[in-house]
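Novice: Below is the structure I would like to discuss, written out as structure tokens.
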Amino acid sequence: MKTGKKIVVLFAVFLVATVVYFIWPMGRKDEGGVTATYQAMEDASLPIVYPVMLDQVMAPLFGHREEKAVTASRDSLLVLPEDRRLEVVVAEAKEVVSLGYEIRSLDAEHLIERAELKEWNLENGSISVTLPIQNLIVEETEYQLGIHVGLNDGSAVWYYSRIIETDRAHAMDMMALAAEFSQKTFHYDSAHDLTMYMETSPSADNSSFGVVTLKNNFNQMTWGSMGIERSSEPRMTLKELDGDVANIELKYEVSRTDEVTGIETFMVIENFTMKWTNQRIYMMDYERRMNEVFTGDRDSFSGKRILLGISDGEDLYVVKSADDRYVVFVNNRELWSYDTKNGTIALVFSFADTDEERTLDVRAYEDRHGIEILRVGDDGEIDFLVYGYMNRGNHEGWTGVSYYCYHAEDNVLEEQFFLPASEPFEALADDIRQLAYEGENGNLYLYMKGSIYGIDMTSHEYVVVASGLSRERFAVSANSSRIAWQENTGLHDSKVLHIMDLNTGNKTQIGDGKGDSYRILGFVGNDCVYGIGNSGDYMMAGGRVTGLYLKSLEIVDESMETAMHYEKKGYYIRDVIVDESRIHITRVRDRLNGFFEEGSGDTLVCNVETMPKRTDEIGWYASNVKGRTYFV
């Protein structure tokens, strides 16, 4: 592919309002204060669809601009009523001009039914409508439901869920138990009824309210002495239903009043796995995750600490500028920047739509996006990616990757480009975590759906560095500045491998494509580890190739100089595990009577500099009331 090929569709450059909509003056830094700045983003504009199942309004479905649902989550499952007439409510529907639906097989290849709805009721900005699903589906079989909403600007939005025609009573009982279980945790006396489901273990971690399971003690299950109250109605999703086993999720907000900090707000997600029987419903698994909403106000700071509060610890990390002036961190899928010199903090990016009190709207719980910090400059400039489902802004309803640059001096957030994705958030997030690196040569490198792309940040042109890559056929160094991959051949018979420095763009080829076979094994720090084997020395199981016996290992440093060559006469290498500074080797003896024989193991300990981790700047202390409390 030529370098000059322009980036896929939807390239755009725009400024996300420089107007500050909320500023708290908190005094000078030397007076113990901080100035908090929040940036505006376009309001969400797409309608929200609420299905009604078993006489209960379920968690909302959010709109997709892609028609074929390749990026839609499959988390939501709806059990149809006996007459199959499914009621839905379309909120924020003043711009709606047409409604319809279609039912397809789960792979979306086979259309079962399609219909346009001619009549609906619009009241107070919401539409109530019934989908008259026909008798064309098979019981106990899941289908994909797509609800089509046409807007008055001529555009269309799709809302996706799965549907099934099955026993309704069992699902209703398990949903009722989930709601009852959740409600009783807030009332100490009635919460004793929950002990029949608990499996309290002395090995459970009872130091944190961030993650609570059935193995925790009764105090953790009932929110300790925090004085927690539910501050929003729970939004329920039936995620899975397989016979008499169900997985159910509840999302809601809770709050407490602290004498010093005032009202504190927390986002809670509860997940239940249950099994229905004639005697009772068994709680097979339960997990509650709790994350405090960070506000950036005066009470969020204590000495040199930025107090984040209770957290489940997921996607929580820090990147600092080289001179340590700017501390940039991701918390609850929001990006914040703290200037230690001026004592100012800025909310750089958030999808949460809030009022002046930062009260969360329903979209704040749409957690299908992540933030990846690429670079933090000494001038406070931040390059970062937002990837996943875009629930607000210029690309609302799309799933993809946005590249942003934040200019601290002018308090300006600039989007450079947007790449639409063709995979759901979970897969996209896994890809971005594999490789997202901004090189010193001005290129951004991303791994997406089996390919590594290099994007010129000046011209916004891209090249495909490598394609057809399964996870086993490439590796990324500890700081993501180097990558290595095997050519697009079989996993165990690659004759060529490549190692590339992403800061310079220099690429080195190993192998001539004719002799030995090569196998990428990983990186120790930034040193690449690969194996060399004789072509055809396959491991076999059940008549198929499962591996390649290696005769030697090579470790090459950033200058492509050999740091170590490992080879033992009379032995072949069957398996290698690269674990940070250690390489664990499983060996077999050379062929006797035509077969390899079991041999001893070996471990290489490499003298490499320990790479800093993104969580190194995250700490926690034990609060008497809130338990484990995180801070930057």
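Novice: Report, to two decimal places, the Cα Rg of segment 346-492 normalised by 2.2 N^0.38 Å (N = number of residues).
Specialist: Taking the Cα Rg and dividing by 2.2 N^0.38 Å, one obtains 1.13.
Novice: How many percent of the accessible area of segment 326-456 is carbon or sulfur, using a 1.4 Å probe? Don't jump to the answer; show the numbers that get you there.
Specialist: Numbers: 1480 of 3840 Å².
Heavy-atom surface of segment 326-456 belonging to carbon and sulfur, 1.4 Å probe: 39 percent.
Novice: Ok, one more. For segment 359-502, give the magnitude of the charge dipole about the Cα centre (Cβ charges: +1 Lys/Arg, -1 Asp/Glu; no others), in debye to the nearest 20.
Specialist: For this selection, approximately 680 debye.
Novice: Report the FRET efficiency, 1/(1 + (r/R0)^6), for Thr615 and Thr546, where r is their Cβ-Cβ distance and R0 is 45 Å, rounded to 0.05. Don't skip to the answer; put the middle values down first.
Specialist: On the way: r = 36 Å, r/R0 = 0.79.
For R0 = 45 Å, the calculated efficiency reads 0.80.
Novice: Between Ser98 and Ala427, what is the FRET efficiency for a Förster distance of 45 Å, r being their Cβ-Cβ separation, to the nearest 0.05?
Specialist: E between Ser98 and Ala427, to the nearest 0.05, is 0.90.
Novice: Right, here's the next one. What spacing in nm lies between the two simple spin-label points modelled at Asp297 and Val625, each 7 Å away from Cα in the Cβ direction?
Specialist: If labels sit at Asp297 and Val625, their model points lie 1.4 nm apart.
Novice: Here is a follow-up. Calculated from DSSP H runs of 4 or more alone, at -39500 (n - 2.57) each and per residue, what is the 222 nm mean residue ellipticity of the chain, nearest 500?
Specialist: On the way: 4 runs with 35 residues, N = 632.
Value at 222 nm, helices only: -1500 deg cm²/dmol.
Novice: Taking θ = phi - 60°, what integer Hz values does the Karplus form 6.51 cos²θ - 1.76 cosθ + 1.60 yield along segment 210-225, in sequence order, with x for Gly and Pro?
Specialist: Per-residue couplings from phi come out as x, 9, 10, 10, 5, 7, 6, 7, 4, 5, 5, 4, 9, 6, x, 10 Hz.
Novice: Kindly write out, for segment 257-263 in residue order, the coupling ³J(HN,Hα) from the Karplus curve 6.51 cos²θ - 1.76 cosθ + 1.60 (θ = phi - 60°), rounded to whole Hz, with x marking Gly and Pro.
Specialist: Result, ordered by residue: 10, 9, 4, 9, 8, x, 7 Hz.
Novice: Can you tell me which aspartates and glutamates have their Cα less than 20 Å from the Cα of Lys495? Leave out same-chain residues fewer than eight positions away.
Specialist: Lys495 reaches Glu472, Glu487, Asp512, Asp516, Asp537, Glu554, Glu567, Asp575.
Novice: Taking the Cα centre of the chain as the origin and placing charges on Cβ (Lys, Arg +1; Asp, Glu -1), which of Trp158, Met539, Gly243 is farthest toward the positive end of the dipole?
Specialist: Sorting the options by dipole projection puts first Met539.
Novice: Which of the peptides 428-440, 459-471 is most tightly packed, and how do the rest follow, judged by the mean count of other Cβ atoms within 10 Å per residue?
Specialist: Going by the mean number of other Cβ atoms within 10 Å, highest first, we get 428-440, 459-471.
Novice: From the phi of every residue in segment 130-140, what ³J(HN,Hα) in whole Hz does the Karplus formula 6.51 cos²θ - 1.76 cosθ + 1.60 yield, where θ is phi - 60° and glycine or proline is x?
Specialist: Each residue of segment 130-140 in turn: 10, 8, x, 5, 7, 7, 10, 9, 9, 4, 6 Hz.
Novice: Another question, then. Starting from 0.36 nm per residue, how many nanometres of slack lie between Glu240 and Ile263 once their C-alpha separation is accounted for?
Specialist: Stretched out fully, the Glu240 to Ile263 stretch lengthens by 4.7 nm.
Novice: Once the other residues with Cβ under 12 Å from the Cβ of Tyr437 are scored (Lys, Arg +1; Asp, Glu -1), what is the net sum?
Specialist: Residues close to Tyr437 contribute a combined charge of -2.
Novice: Could you rank Phe62, Phe181 by how accessible they are, 1.4 Å probe, largest area first? Could the numbers behind the result be given before it?
Specialist: Details: Phe62 25, Phe181 0 Å².
Per-residue accessible area, sorted high to low, gives Phe62, Phe181.
Novice: Using the Cα centre as the reference, give the magnitude of the dipole from point charges on the C-beta atoms of the chain (Lys, Arg: +1; Asp, Glu: -1; all else neutral), rounded to the nearest 20 debye. Walk me through the numbers before you get to the answer.
Specialist: Numbers: 61 positive and 103 negative charges, 312 e Å.
Using Cβ point charges on Lys, Arg, Asp and Glu, the chain gives about 1500 debye.
Novice: A follow-up question, please. In square angstrom, what is the accessible area per residue of the chain with a 1.4 angstrom probe?
Specialist: Per-residue accessible area for the chain comes out at 46 Å².
Novice: Let me ask something else. With a Förster radius of 41 Å, plug the Cβ-Cβ distance of Asn124 and Ala204 into 1/(1 + (r/R0)^6) and report the FRET value to the nearest 0.05.
Specialist: 0.30
Novice: Give the lysines reachable from Lys568 as a straight Cα distance under 19 Å; neighbours fewer than 8 places away on the same chain don't count.
Specialist: Cα-Cα hits under 19 Å: Lys551.
Novice: Within segment 48-194, what whole-number % of the accessible surface is contributed by carbon and sulfur, with the 1.4 Å probe and all protein chains included in the calculation?
Specialist: 46
Novice: Please give the contour-minus-distance gain from Val464 to Cys606: 0.36 nm per residue of separation, less the Cα-Cα distance, rounded to one decimal in nm.
Specialist: Taking 0.36 nm per residue and subtracting the Cα distance, the gain is 47.8 nm.
Novice: Could the peptides 106-112, 372-378 be put in order, highest first, of the mean number of other beta-carbon atoms found within 10 Å of their residues? Don't skip to the end; give the middle numbers.
Specialist: Numbers: 106-112: 11.6, 372-378: 18.4.
Going by the mean number of other Cβ atoms within 10 Å, highest first, we get 372-378, 106-112.
Novice: Separate question: How many nm is it between the label spots at Lys568 and Arg582, if each spot is 7 Å from the Cα in line with the beta carbon?
Specialist: Between Lys568 and Arg582, the simple spin-label model gives 1.6 nm.
Novice: Determine the gain in length on full extension of the stretch Arg375-Gln56; use 0.36 nm per residue of separation and subtract their C-alpha separation, reporting nm with one decimal.
Specialist: Between Arg375 and Gln56, full extension yields 110.2 nm more.
Novice: Also, quick follow-up: Looking at this model, which pairs from Lys251/Lys275; Lys94/Lys251; Lys184/Lys626; Lys68/Lys94; Lys68/Lys239 are more than 23 angstrom apart at the alpha-carbon? Could you put the intermediate results ahead of the total?
Specialist: Working: Lys251/Lys275 21 Å; Lys94/Lys251 27 Å; Lys184/Lys626 20 Å; Lys68/Lys94 25 Å; Lys68/Lys239 20 Å.
In this structure, Lys94/Lys251; Lys68/Lys94 exceed 23 Å between Cα atoms.
Novice: Further question: In what sequence, highest mean first, do 570-582, 213-225, 516-528 appear when ranked by Cβ atoms within 10 angstrom?
Specialist: Top to bottom by mean Cβ count within 10 Å: 516-528, 213-225, 570-582.
Novice: Follow-up question, since we're still on this one. Can you compute the label reach from Ser231? Point 7 Å from Cα along the Cβ direction, backbone N cut-off under 19 Å, restricted to segment 603-632.
Specialist: Output list for this probe position: 625-627, 629-630.
Novice: Let's test this: bin the Cα-Cα distances of segment 544-632 at 5 Å from zero up to the farthest pair and state each bin's percent.
Specialist: Computed distribution, short to long bins: 3, 10, 15, 15, 12, 9, 8, 7, 7, 6, 5, 2, 1, 0.
Novice: How many angstrom lie between the Cα centre of segment 393-460 and the Cα centre of segment 136-154?
Specialist: Answer, in whole Å: 31.
Novice: Let me ask another. Per residue, how big is the convex hull of the chain when only Cα atoms are used? Give it in Å³. Present the calculation step by step, with values, prior to reporting the outcome.
Specialist: Values: hull volume 130.0 nm³, N = 632.
Enclosed volume per residue, from the Cα hull, is 206 Å³.
Novice: Rounded to the nearest 10 degrees, what's the angle between the helix 425-434 long axis and the longest principal axis of the chain, both from Cα atoms, 0 to 90?
Specialist: Once rounded, one gets 30 degrees.
Novice: Another question, then. Roughly how tilted is helix 168-184, in degrees to the nearest 10 and between 0 and 90, from the longest Cα axis of the chain?
Specialist: 90
Novice: What percent do you get for the relative contact order of segment 479-632 when only Cα pairs under 8 Å and 6+ apart count?
Specialist: Computed value for segment 479-632: 13 percent relative contact order.
The values are calculated or read from the model by the stated rules, or taken from the named source; none is laboratory data. Model, not experiment: these values are computed from the prediction. Because the Cβ atoms are built from the backbone with ideal geometry, glycine has one as well, and the counts that use them run over all protein chains shown. In case anyone asks, the SASA skips ligands and DNA or RNA and just uses the protein heavy atoms, side chains included. Shrake-Rupley method; radii C 1.70, N 1.55, O 1.52, S 1.80 Å.
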